[in-house]
2 protein chains.
Amino acid sequence: MSRPAVKPARRADAQHNAEKILEAAVTCLSRNPDASVSDIAHAAGVGRVTLYGHFPSRADLIEAALTRLLGQGDEVLERLDLAGDPREALRVLIESSWLLIAQASAVLEAAQAVLAPGRLHELHAKPEQRVGDLIGRGQAEGVFRRDLPASWLAGVMHHVIKGAATDVADGRLDRTDAPRFISETVLGACRPVDEERGPAGH
Amino acid sequence: MSRPAVKPARRADAQHNAEKILEAAVTCLSRNPDASVSDIAHAAGVGRVTLYGHFPSRADLIEAALTRLLGQGDEVLERLDLAGDPREALRVLIESSWLLIAQASAVLEAAQAVLAPGRLHELHAKPEQRVGDLIGRGQAEGVFRRDLPASWLAGVMHHVIKGAATDVADGRLDRTDAPRFISETVLGACRPVDEERGPAGH
């Protein structure tokens, strides 16, 4: 159902520019949630006029960047089989999407300053629900601890992912180690506490 | 060895103002690492001139606030017995100083923009070492996992503490739950991985 092919080369160019701008927005906003439209245009190698031609305001650009990231995350998650053992499912979820989650968190932080809370919630309710449901199922099946709420454990996953992304950016963590370190840590934090805890138990 | 007692009331006032300014600096910078000198003076209920009388620049103020926080943390840790079971020691360390650690992290973030890296390192090397040593001892004694580096596990403690502080600030976590949630999570993440891990093991 494509439109009549007027100036297809120009349309392809425009599409390519929009992609470049969105990628640059994610990169810049991950580093600094206050990154300006000029910073992002510069990083994308386009002028501000071109950028504004695609995204009329900084808020539009941030919303588009966040929507794109969450869409990519959704595609990744749709392809995963999260129905089996919740531990294996959580490991696969983390290792396949930690970087997208880290980027989405950073862009979400930028978005908090410019988008309405209702719109923000709408955008990230679905991925959040997916993680919360998985952890809740693990608790119900007895493979995840129940002495801490599922919402806290889901938050811990986000905190560890964001921290790891910062560690990678600051050169304290090798990017190739990150997925395993994160998943091992979060699975450890979710494991049920057994009796033999020694003097640390209470 | 006090100086001759000229204007003792005025000296006490000045001391009181300096304390108020440092407390306001910690509060403001925890919320926003870019908080300005005016924001901090306003929160302390003093004028900018008074503030600059105590701290000639924003960098001086940030360094003083960070030094004070780290000093308070040091006092708390000095009073703790960290020599026993590393799990119990880590729990006590976290529950007694999570809030100071969260505040110090936030002020450290502000400090990164204004202090020399060498000075920064000097300021927080000691508390960092203490946590790293404790986790290393736990690994050596076999009560903490050895498949992840001690430096990463110490980082996880910081990421979870910072995340919890944000959750408390945003109303997603009750402040009274925070110490137990954090310590349970970090101890869980540090526990050695046993054999019977089910399909999630590899």
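Taken together, the values in this text are just the output of simple stated rules run on the coordinates, not laboratory data. Here the structure is a predicted model, which means the values were calculated and not measured. Here the Cβ is made from the backbone with ideal geometry for all residues, glycine too, and neighbour counts use every protein chain on show.
Of all the Cα-Cα pairs you can form in region B:58-193, what percent are over 18 Å apart? Numbers along the way, then the final one.
On the way: 5092 of 9180 pairs.
Looking at region B:58-193, the distances longer than 18 Å represent 55 percent of pairs.
Take A:LEU80, project a point 7 Å from its Cα along the Cβ direction, then tell me which residues of region A:117-159 have their backbone nitrogen under 11 Å from it.
Backbone N within reach: A:130-132, A:134-135.
If the only charges are +1 at each Lys and Arg Cβ and -1 at each Asp and Glu Cβ, what is the size of the charge dipole of the protein assembly as shown around the Cα centre, to the nearest 20 debye?
Details: 48 positive and 56 negative charges, 266 e Å.
Roughly 1280 debye, rounded to the nearest 20.
With unit charges on the beta carbons (Lys and Arg positive, Asp and Glu negative) and the dipole taken about the Cα centre of chain A, which residue among A:LEU90, A:SER151, A:ALA110 sits farthest to the positive side?
Toward the positive end, the furthest listed residue is A:ALA110.
Please work out how much length the chain gains when fully extended from A:ALA14 to A:TYR52, using 0.36 nm per residue of separation minus the C-alpha to C-alpha distance, in nm with one decimal. Please report the intermediate quantities before stating the final value.
Values: separation 38, 0.36 × 38 = 13.68 nm, distance 1.22 nm.
Between A:ALA14 and A:TYR52, full extension yields 12.5 nm more.
Hey, got the dipole for region A:8-194? About the Cα centre, +1 on K and R Cβ, -1 on D and E Cβ, debye to the nearest 20? It would help to have the intermediate numbers written out before the result.
Numbers: 21 positive and 26 negative charges, 61 e Å.
About 300 debye.
Work the Kirkwood hydrodynamic radius out for the protein assembly as shown: mean of 1/r over every pair of different alpha-carbon atoms, inverted, in Å. Display every interim value, and only then the final one.
On the way: mean 1/r = 0.0424 Å⁻¹.
Every distinct Cα pair counted, the radius reaches 23.6 Å.
What does the average come to when, for each residue of peptide A:75-86, you count the partner chain Cβ atoms lying within 10 Å of its Cβ? The partial results should precede the final answer.
Details: counts 0, 0, 0, 0, 0, 0, 0, 0, 0, 2, 4, 3.
Whole-number average of other-chain Cβ neighbours for A:75-86 is 1.
Where the label is 7 Å out from Cα toward Cβ, how close does B:VAL49 come to the same position in every other copy, in nm, shortest first?
Taking the point 7 Å beyond Cα along Cα→Cβ, the inter-copy spacings are 5.1 nm.
Where in region A:122-155 is the amide nitrogen less than 17 Å from a point lying 7 Å along the Cα-to-Cβ axis of B:ARG172?
Residues A:122-136, A:148-155 qualify, since their backbone N sits under 17 Å from the label point.
Under the rule of -39500 (n - 2.57) per DSSP H run of 4 or more residues, summed and divided by the residues of chain A, what mean residue ellipticity at 222 nm is obtained, to the nearest 500 deg cm²/dmol?
Numbers: 8 runs with 145 residues, N = 202.
Using -39500 (n - 2.57) per qualifying helix, the result is -24500 deg cm²/dmol.
Identify, among B:TYR52, B:ALA9, B:HIS42, the residue whose Cα sits farthest towards the positive end of the charge dipole of chain B, taking +1 on the Cβ of Lys and Arg and -1 on the Cβ of Asp and Glu, with the dipole about the Cα centre.
The one lying farthest along the dipole's positive direction is B:ALA9.
Distance cut-off 22 Å, Cα to Cα: go down the list B:LYS126/B:LYS162; A:LYS126/B:LYS162; A:LYS20/A:LYS126 and report the pairs above it. Walk me through the numbers on the way to the answer.
Working: B:LYS126/B:LYS162 19 Å; A:LYS126/B:LYS162 25 Å; A:LYS20/A:LYS126 26 Å.
Correct reply: A:LYS126/B:LYS162; A:LYS20/A:LYS126.
How far apart are the A:ARG180 label points across copies, placing each 7 Å from Cα toward Cβ, in nm, shortest first?
3.6
Under the convention of a label 7 Å out along Cα→Cβ, give the distances in nm from A:SER36 to the same position in every other copy, shortest first.
Counterpart label points of A:SER36 in the remaining copies fall at 1.6 nm.
Take chain B, mark every one of the GluC sites (Glu not before Pro) that falls in a DSSP loop and has at most 16 other Cβ within 10 Å, then report the longest stretch left between them, sites excluded. Could you put the intermediate results ahead of the total?
Details: sites that count: B:GLU141, B:GLU195, B:GLU196.
Excluding the exposed sites themselves, the longest stretch runs over B:1-140.
Which ordering of B:ARG68, B:ARG119 is given by a fewest-first count of other beta-carbon atoms within 10 Å? Mind showing how you got there, number by number?
Details: B:ARG68 18, B:ARG119 13.
Fewest-to-most ranking of B:ARG68, B:ARG119: B:ARG119, B:ARG68.
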